[in-house]
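Participant: Take a look at this one; I'll ask things after.
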């Protein structure tokens with residue numbers, strides 16, 4: 001299974017701390033975040049990854065090279081202009097060779113990606129999203145699932161929400177047919193593609209007992225720095 005890493009974000013919320021450094025290169029324990037992610041992929045048996053990059057693409061390439069030192073062969077798909085997460089995946093369509101793992105470039109989940117793909121395959125769904133339970137979901141969008149595990153809705157973050165909820169952990173397994181569904185040009189996987197798949201009953205929500213880290217905000221980066229380096 002080949003991984004597609006969505007690593008083209010601008011990371012504007014981290015700019016006060018890291019300036020123009022591409023968000024996926026923000027350091028955790030003194031090492032660029034993407035290096036941690038490549039180690040994570042390698043340790044779980046993923047040997048090839050397509051890096052979907054935009055802002056700071058050459059800096060990412062000069063930092064990671066061909067991935068050989070991490071045991072993951074890297075292929076670069078470079079956006080000529082910002083295309084969003086859906087558009088970045090569409091641009092990389094020529095690199096699809098079967099079922100694929102898609103991971104946000106600012107996310108490190110505590111889970112088995114093969115289990116996610118296995119659940120997707122068994123359900124015959126077009127895609128599966130890895131879900132994680134958080135105790136306070138006010139600052140994150142929630143994902144609602146049926147008793148059978150089918151995703152029924154994505155709910156935008158709600159400051160009035162109280163209590164725990166399942167949230168999107170930024171990791172997906174997709175059948176290769178997904179790429180035929182992606183529109184040309186810019187689009188958002190989270191806002192355009194996933195809600196449409198849920199509406200069509202084509203998306204599985206697979207729950208994991210672990211946690212996940214992301215570095216999208218200074219607070220999230222601080223948590224990752226604190227917990228992943230102790």
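The values are calculated or read from the model by the stated rules, or taken from the named source; none is laboratory data. No experiment lies behind these values; they were computed from the predicted model shown. Here the Cβ positions follow ideal geometry from the backbone for every residue, glycine too, while neighbour counts run over all protein chains shown.
Participant: Kindly indicate the residue of the range 85-113 that is modelled with pLDDT of 95 or more, over 12 Å from the mean Cα position of the chain (by Cα) and closer than 25 Å to residue 223 by Cα and also surrounded by the most Cβ atoms within 10 Å (Cβ to Cβ) among those meeting that condition.
Facilitator: It comes out as 111.
Participant: Here's another thing I want to ask about it. Any idea which of (1) farther than 26 Å from residue 224 by Cβ; (2) exposed (fewer than 14 other Cβ atoms within 10 Å of the Cβ); (3) touching a strand residue (DSSP E or B) at 6+ places or on another chain (Cβ under 9 Å) is the one residue 150 doesn't satisfy?
Facilitator: (2)
Participant: Take the range 187-213 and flag every residue that is in a strand (DSSP E or B) and more than 14 Å from the chain's Cα centre (by Cα).
Facilitator: Restricting attention to the range 187-213, the residues satisfying the condition of being in a strand (DSSP E or B) are 203-208, 212-213.
The answer is 203, 204, 205, 206, 207, 208.
Participant: For the range 59-77, how many residues are in a helix (DSSP H, G or I) and either under 14 Å from residue 26 (Cα atoms) or modelled with pLDDT of 95 or more (or both)? Talk me through it step by step, then tell me what you get.
Facilitator: Within the range 59-77, the subset in a helix (DSSP H, G or I) is 59-64, 68-70.
If we keep only those that are either under 14 Å from residue 26 (Cα atoms) or modelled with pLDDT of 95 or more (or both) too, we end up with 59-64.
The qualifying residues number 6.
Participant: Taking the range 121-160 as the region of interest, how many residues are without any contact (Cβ under 8 Å) to a residue 60 or more places away in the chain and more than 25 Å from residue 217 (Cβ to Cβ)? Before the answer, list the steps.
Facilitator: So the first thing to find is which residues in the range 121-160 are without any contact (Cβ under 8 Å) to a residue 60 or more places away in the chain, and the list is 121-122, 124, 134-142, 144, 146-160.
Filter once more, so that each one left must be more than 25 Å from residue 217 (Cβ to Cβ): 121-122, 124, 146-150, 152.
Counting residues in the range 121-160 that are without any contact (Cβ under 8 Å) to a residue 60 or more places away in the chain and more than 25 Å from residue 217 (Cβ to Cβ) gives 9.
Participant: Check 94, 77 and return the single one that is free of Cβ contacts under 8 Å to residues at least 24 places away in the same chain and more than 19 Å from residue 112 (Cα to Cα). I'd like the intermediate steps shown before the answer.
Facilitator: Details: 77 fails: free of Cβ contacts under 8 Å to residues at least 24 places away in the same chain.
The unique qualifying residue is 94.
Participant: Next question. If a residue must be surrounded by fewer than 18 Cβ atoms within 10 Å (Cβ to Cβ) and under 27 Å from residue 114 (Cα atoms), how many such residues does the range 41-60 contain?
Facilitator: 6
Participant: For the range 154-176, state whether one or more residues are crowded, with 21+ Cβ neighbours inside 10 Å and part of a helix (DSSP H, G or I).
Facilitator: Within the range 154-176 (the criterion being crowded, with 21+ Cβ neighbours inside 10 Å and part of a helix (DSSP H, G or I)), the answer is no, since none of the residues qualifies.
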